[in-house]
């Protein structure tokens, strides 16, 4: 099993993961920037503190599972898995290239640590529910996490899954929604308003938590609270900044599916490394 990291260690790891994301997108010359950077703190918290998992034994029978629904943010999943030791970091540079294991959307049969294949939005929660129901039948005690986008709540299947999980009281399911307020065509509240978002989940019998998706302590505490809820599934609505750490990307939906060019990547890496230096100096 992975040894739990401290809050400071997770912040530094998150910075390193963000650097890997920029480098792999630059090398690929395609892919998504905003979402992966915005979800990095959550992925780092999961894989370096919260999850029960073993990079040396990816198919460990008692591991917790992470189902990524919005597969287009896979650069953050790949980078996190590599930094955790599932495969060499050097392989990250093969993103989206011919012959790579690191496809533009994750494929669970080729990448160690990837639990589900994803691409079409709105299906991840249904996959997580299937895994959770199977565990209930097999009397297994482990956690199923589903990471979702806010934009995919435009999909009808998402709400069918939310309703079903509430009805079945699947307390072993914890959904983490990236509430970054953007999607490919613009801002969520302009395209298909989601608010009152929390109230909708509550109406379907979910335990609802809202957090700052960049606050490591809040992320860890919310997942701990979710683990203590036995009578219903939990959704953690994580308010994030798309493009986090790179000022010209932050909150700009145009970076949803756009990679940086050489100059933009160099500036992004400079900004991320500067923030990492501030984190380290603040804790000396």
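How would you rank 32-43, 109-120, 259-270, highest first, on the average number of other Cβ atoms within 10 Å across their residues?
Packing proxy ranking, top to bottom: 32-43, 109-120, 259-270.
Taking the longest Cα principal axis of the chain as reference, the axis of helix 216-227 is set at about 20 degrees.
Helix 262-282 and the longest principal axis of the C-alpha atoms of the chain enclose an angle of approximately 70°. The convex hull defined by the C-alpha atoms of region 98-140 has an orientation-averaged projected area of 3.7 nm².
For the peptides 16-24, 97-105, 156-164, the ranking by mean Cβ contacts within 10 Å, running from highest to lowest, is 16-24, 156-164, 97-105.
What 222 nm value per residue comes from the helices of the chain, counting each DSSP H run with n ≥ 4 as -39,500 (n - 2.57) and dividing by all residues, nearest 500 deg cm²/dmol? The helix contribution divided over the chain gives -12500 deg cm²/dmol. Relative to the longest principal axis of the Cα atoms of the chain, the long axis of helix 74-84 lies at roughly 80 degrees. A straight line joining the Cα centroids of region 59-104 and region 195-217 runs 27 Å.
Computed from the coordinates by the stated procedures, all read-outs in this text should not be read as laboratory data. Remember, predicted model here, so these are calculated numbers, not experimental data. Counting neighbours? That spans all protein chains shown, and the Cβs are built from the backbone with ideal geometry, glycine included.
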